[in-house]
Amino acid sequence: MNSNKGVLAAAVLVLGWAGSARGDVVLDWNGLAAQLIVGPGGASKVPPLGLVDLAIVHTAIYDAVNAAEGFPFEPYGSEPTVTTPASAEAAAARAGRDVLLALYPSRSADIETLYASSLAAIPDGPAKDNGIDAGQQAAAGILALRVNDGRNAGTTIVEPPAEPGVWIRTPPGFLAPQAPWAGAITPWTLKRSDQFRPEEPPALDSTDWVRDYDEVKALGPVTNSTRTAEQTDIGRFWGDQPMLQWNRAWRGISTAAGLSVQDNARFFAMLAASSSDALIACWDAKYHYMFWRPVTAIRTGGGNPALTGDPSWLSLVTTPNHPEYPPRSPPAACCRSAARASARRPRRRPATRTSLRRSRELVSQYSDLPMDYADATLVALAEELSTSLVFTTDRRDFAVYRIKGRRRFEIVPG
């Protein structure tokens, strides 16, 4: 598992971007949404629930901007009635404001501050007023669509007894299972959450299991690890808060590509909805298989007489409180399509509407050139993220590569 210093350097450049240099309203509302969901002082929502909220924000902004632009593409959740001319910037700002106020009313001061700043940059007049109206309608439409989506179900599970291969609570906190209902949340684009459920994890008497057990036991512990210093750095780099890290990356990609407000509205709706679906599907599989974490396996001998246990083994990064398989890496799953959808602007808009749900047609507008450096770099970042999970956490290669081998980067028609 050799690392790529060039890839890591590129990641630092991309992920280190902190704001909207061009003052793009979509980027500004993305930044605030991510902060309110998981940032310091934010709601600290767990990944599958936080990404649903992010997708609500960005599908509303998409519908608002799409309406203000005269519906060049099929709307996702609603088709606002718009009087022309209409400002796309005002539409995006109002949609972002209304959704975030509905989801995070206690943060109204921050939300209204950004809203006032967004509107101050737009000349007064009918276009501004009409855009605001479009944004209000779009936000109301998406919020109504997601009222009973299951994200607030709060249901629990009967935790299984301790036995080889079965997930139980893990040290040091021994926390209750995280959001076990999330796999039943209504997806954004999938027909159902188990549509692409991965195959089961390897049997405990398989050669795959023995190999991966020994690898993580050697590379992953907090002490006496065989990791190199560079591997530790890579693992810690990718151990950042994922929603903040990847949204910074997406904003940086957008800025580097010079995407317009209209392009950004679609780009971020694609990313947020696909990432949300990836985690909904991931949580469905996690609680379907209920596969144990390596910290449990290694402390108890791996359920295989050919393996040697270590009762004091502990991973460098604290084990999260949900089953191990499959790993929660939705940004890596959509990394390639993100690159193709962002590294270059479309040469022309189609004459007919294109559904946000119809991935093949939507992505094909951005794919008329061979894979370029940005595309290759992002795919390499996905690879490095995958291998980094073994360096400092307790995830195994099979949990990553079994997923990668199953249509991970395939464009699936809606």
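FYI, it's all coordinate maths here, none of it is from the lab. Everything quoted here is computed from the prediction, not taken from an experiment. No Cβ is skipped: glycine too gets one built from the backbone with ideal geometry, and neighbour counts run over all protein chains shown.
By per-residue mean of other Cβ atoms within 10 Å, what is the highest-first order of 78-85, 119-126, 133-140, 297-304?
My ranking of the peptides, most packed first, is 133-140, 297-304, 78-85, 119-126.
Enumerate the residues in the stretch 138-160 having an amide nitrogen under 20 Å from the point lying 7 Å beyond the Cα of A176 toward its Cβ. Hits in the stretch 138-160 for A176 at 20 Å: 150-160.
Where a ≥ b ≥ c are the square roots of the eigenvalues of the C-alpha gyration tensor, would you call the stretch 46-118 rounded, which needs a/c under 1.5, or, failing that, prolate if a/b is larger than b/c, or oblate? Oblate shape, in that a/c is at least 1.5 and b/c is the bigger or equal ratio.
Placing a pseudo-label 7 Å from each Cα along the Cα-to-Cβ vector at D233 and D124 gives an inter-label distance of 5.5 nm. Treating r as the C-beta distance of A109 and V166 and R0 as 45 Å, the FRET efficiency rounds to 0.45. Taking amide H as placed 1.01 Å from N in the peptide plane, the amide H of F291 sits under 5 Å from that of W167, E324, Y325, each at least 5 places away or on another chain.
Among the listed pairs K191/K217; K45/K286; K45/K217; K217/K286, those with a Cα-Cα distance over 28 Å are K191/K217; K45/K217.
First select every other residue whose beta carbon is under 11 angstrom from the beta carbon of K128; then total the charges, Lys and Arg +1, Asp and Glu -1.
Here the charged neighbours net out to -3.
In plain terms, the chain from A306 to S117 could stretch by 61.7 nm, reckoned as 0.36 nm per residue minus the Cα-Cα distance.
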